[in-house]
Ligand code: FES
């Protein structure tokens, strides 16, 4: 299991699966779910190495370092600490 740690919540998710459902549980907002709108953009505070590499859609939107799209990103294992770009 991978563990996603949000500001006031912790959610477990199976290894090598999308973080989308876990992020929904923690009230991260979603829009298109197709890598286009950036509503689900999150900032990785720790454990970036436990995530998949950027996929093609994430590369196309030109994300700043440590930013990922929760609808596209996969948790490989371990602990990942993150928050929504809207929670800055
Ligand atoms: S929900 Fe639109 S980019 Fe992720």
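Bear in mind that the values in this text are calculations on the coordinates, not laboratory data. Owing to the predicted nature of the structure, the values given are computational and were not obtained by experimental measurement.
Considering every Cα-Cα pair within the range 24-67, what fraction, in whole percent, is farther apart than 13 Å?
Considering the range 24-67, 60 percent of its Cα-Cα pairs are separated by more than 13 Å.
Find the relative contact order for the range 2-87 and round it to a whole percent, using C-alpha pairs within less than 8 Å whose residues are 6+ positions apart.
Result for the range 2-87 is 42 percent.
Using the eigenvalues of the Cα gyration tensor, what equivalent ellipsoid semi-axes result for the chain when each is taken as the square root of five times the eigenvalue, whole Å, largest first?
Those come to 17, 14, 12 Å.
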